[in-house]
1. Tell me, Kirkwood radius of the range 53-135 from alpha-carbon pair distances, in Å?
2. Per 0.36 nm of contour for each residue apart, how much would the distance between S113 and F273 grow if the chain were fully extended, relative to their Cα-Cα spacing?
3. Around R90, what is the net charge, scoring Lys/Arg as +1 and Asp/Glu as -1 over all other residues with Cβ under 13 Å from its Cβ?
4. In the structure displayed, which of K147/K228; K88/K230; K88/K148; K51/K147; K88/K146 lie more than 19 Å apart, Cα to Cα?
5. Take the alpha carbon atoms of the range 93-140, find their center, do the same for the range 63-90, and report the distance between the two centers in whole angstrom.
6. Rounded to the nearest percent, how much of the accessible area of the range 28-159 (1.4 Å probe, protein heavy atoms only) is carbon and sulfur?
7. Sorted by accessible area (1.4 Å probe), largest first, how do T174, T224 line up?
8. Relative to the Cα centre, what is the charge dipole magnitude of the range 44-155, using +1 at the beta carbon of each Lys and Arg, -1 at the beta carbon of each Asp and Glu, and rounding to the nearest 20 debye?
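The values are calculated or read from the model by the stated rules, or taken from the named source; none is laboratory data. Predicted, not measured: the structure shown is a model, and the values here were computed from it. Positions of Cβ are backbone-derived with ideal geometry, glycine not excepted, and every protein chain shown enters the neighbour counts. Remember, those area values only see protein heavy atoms, side chains included, never the ligands or the DNA or RNA. Shrake-Rupley method; radii C 1.70, N 1.55, O 1.52, S 1.80 Å.
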Amino acid sequence: MSEMISTLSENLQYYRKREEMTQEQLAERLQVSRQTISKWESGAAYPETEKLLQLCEIFSCSMDVLMRQNASKLAVEDNLKHREHMEKRRKWISIGITTLISAVALVELLTGSGVPEPIADMVFMAVGIVGILILVVQGIRHDNYKKKHPVVQAFYTKEEKESFDEKFPVRIATGIGILLMGGLIGMNGEYFEEMLPFKRFSEDFYYGIFLLLAAIGVGVLAHTGLGKDKYDIEAYNKEESADRKRANEKTGVWCGCIMLTATIIFMVMEFMFQLWKISWVVFPIGGVLCGMVALIFQFKTGIDDIFKDEIAKDETGMENKK
């Protein structure tokens, strides 16, 4: 027990100083006296369970770390692990998304260059499968990581966050700019075909360039958005409500069904009706439908949370009146 009290007192000092808090500030948040904090940090007293839980919430740590482990040493290890995991996730998810869209772009580029359709379709399927597998692997890895590390300490410095925030608008603008440039080329494919002195490529080739630039632009936007997510430790540590988890599960099921249906429609249009000029449209439409489904479920969950909060407030008010 004495060893646990000693560890707790050392960890409290470490966490408080890391957060640049005085004993008075911590005492005010916990609604205790400064002398009480001083006694905890010196090992002369021991916090109640309720206060221990509040300390874990304030310092974004688990009870086990706070009471039994060396927080300063663990912070360095968690820092490196979390940085490495989130940066790999950011990179590979961006690559997976870019690869998936590039698969559709390759179909247009190859057919527009005179490559036989069966070969273009085989390339599409091969590249598309690679993109899907990348996303599946990263999803499983992140889920496993969160199970092993449900709580992560807030170790990113203020300077790191400010540096990213300064670059964030530029990166977003870059992604949008690449998308718009691709759209400009795609919409004027017929003009480029007539303007060039040689007729090596058809109009479909320029649609392929548009989709390829769209893949790069979306990849840049995804990479930037996931970078923002990387620094949001509070959101990572926040436990999802049961309703929100169910909403996410429903979103995943619906989106899976939508994209599977889109793939079947695409294959039917390609192989049975040879509608290769317009068949790629099913994937952007599928993506839009997935986005709409996600918004509907999240909106419904948000409304339900608001009603629950209001009901809880009313019940608390009635109890106080009694």
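1. Radius from the Kirkwood sum: 16.2 Å.
2. Difference between extended and current length: 55.5 nm.
3. Around R90, the charge tally is +4.
4. Listed pairs above 19 Å: K147/K228; K51/K147.
5. When both Cα centres are located, 36 Å separates them.
6. Roughly 60 percent of what the probe reaches on the range 28-159 is carbon or sulfur.
7. I get T174, T224, largest accessible area first.
8. 380 debye
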